[in-house]
Amino acid sequence: MHFIRYYEKDFDKYLKKGKVTVIYGPRRVGKTTLIEKYLESFSGKYYLGTGEDSDLKQVFRSQSVNTMKNFFGGYDLVVIDEAQMIPDVGIGLKLLVDQIKDIKVIASGSSSFDLSNKLGEPLTGRKISLKLYSVSAIELNENVGGMAIYQRLEEMLIYGTYPEVLNAGNTDEKKQLLAELRDSYLYKDIIQLENLRNSSKIMDMLVLLSFQIGKEVSLNELGNSLDLAKQTVEKYLDLLEKTFVIKKVRGFSRNLRKEVSKTARYYFLDNGVLNSIGNSFNPIKLRNDTGALWENYLFSERLKKQQYHNIYSNNYFWRTYDMQEIDLVEERDGKLYGYEFKFSPKNIKVPKAWAENYPDSEFTQINRENFMDFVT
């Protein structure tokens, strides 16, 4: 089935004359499909190109106002997919929106670090940024309803929510799609754009991270295990985050002595990707990492909700050296919200140190009985 994506319903409102609408996101989550669905109903004259087109690269390489006007002057809308493949694409897009009156522009790409570098300064004040992830619980709720989410919950904890994976007919097909994603797309931007010599180390690093969901990650330990310098480990982690594979979360502290604040945890942006790293697709009842899968799922879905519902939050974990902890702390609108993730409902109390030091904060357990409001 075609999942109606969050931006799809009223995509027009994100397009403004004189601005570039930039769509970021992991590969294979549906950015191109989102654009194509919009173009099906677009009544104006449009151009659809890809950053891999050598002719298009040549036009942008010219950085000439006259050239831009000659080739794009008659269009109401210009769409460039895989825009990160065009050198200095930001300068060319700036010329488009500055010099061609009333034109609208869409640029999409999977490589956020490269798009940000190329678009950031040239398009200051001239772009609207949208992030598209794998299908969110918000979108699933609108497409198939909450009960369907609940019934497919364990499946999504294992296979994730990439559109093709959700639509796959059986588990073997899901595994095959995730293997292709892992082997052909996950590192493509990093390897192409950074020319990494130790690309195999990226996979080794992800394997190690997959065993540390919900735990602090030591850069020194990663470096020792991978035979890499700490600076290289930091670089690879940064690249993996900027290409939408993982997300870094720091420890929260208000300078209390016993709070852990100098380490970080890492989550995968999709559970299917997480499980594909180690080819771990056993059903929930046969696994001993259900808690980690649940935590990863809730964090990634919460991230999507924050993005789509414009919830501006600083995200942290909280832990003390005497092992009191909270899985997720959101700092927003001057208030702290603590969330503890438990797959099965349990009677848990607010950590004593948290209650004493942050008496005005809120604390909630998120389990499979009450998670819908948290993610949708």
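What follows draws every value from the coordinates through simple rules; no lab data is involved. Just so it is clear, the structure is predicted and the values come from calculations on it, not from any experiment. Cβ: placed from backbone, ideal geometry, glycine included. Neighbour counts: every protein chain shown.
In debye to the nearest 20, how big a dipole does segment 1-54 give about its Cα centre with +1 on each Lys and Arg Cβ and -1 on each Asp and Glu Cβ?
The calculated dipole for segment 1-54 is roughly 240 debye.
So what's the angle, to the nearest 10 degrees on a 0 to 90 scale, between helix 31-40 and the longest Cα principal axis of the chain? Helix 31-40 and the main axis of the chain meet at about 50 degrees. Using the Cα centre of the chain as origin and beta-carbon charges of +1 (Lys, Arg) and -1 (Asp, Glu), tell me which of ILE158, TYR185, TYR308 is placed farthest towards the positive end of the dipole. Result: TYR308.
A DSSP coil position with no more than 10 other Cβ atoms inside 10 Å describes the following trypsin sites (Lys or Arg not before Pro) in segment 235-274: ARG254, ARG257, LYS262. What percentage of all Cα-Cα pairs in the chain are separated by more than 30 Å? Roughly 44 percent, once rounded to a whole number. Taking amide H as placed 1.01 Å from N in the peptide plane, the amide H of THR364 sits under 5 Å from that of GLY338, TYR339, GLU340, each at least 5 places away or on another chain. Under 5 Å from the amide H of GLY251 lie the amide H atoms of THR263, PHE317, each residue being 5 or more positions distant or on a separate chain, with H modelled from the backbone and absent for Pro and chain starts.
Simple point charges give the picture: +1 on the Cβ of Lys and Arg, -1 on the Cβ of Asp and Glu, and for the chain a dipole about the Cα centre of about 680 debye. Between the helical axis of 199-210 and the dominant principal axis of the chain, each derived from Cα atoms, what acute angle in degrees is found, rounded to the nearest 10? With rounding to tens, the tilt is 40 degrees.
Pairs exceeding a 22 Å alpha-carbon distance, out of LYS69/LYS242; LYS9/LYS175; LYS174/LYS242; LYS16/LYS69: LYS69/LYS242; LYS9/LYS175; LYS174/LYS242.
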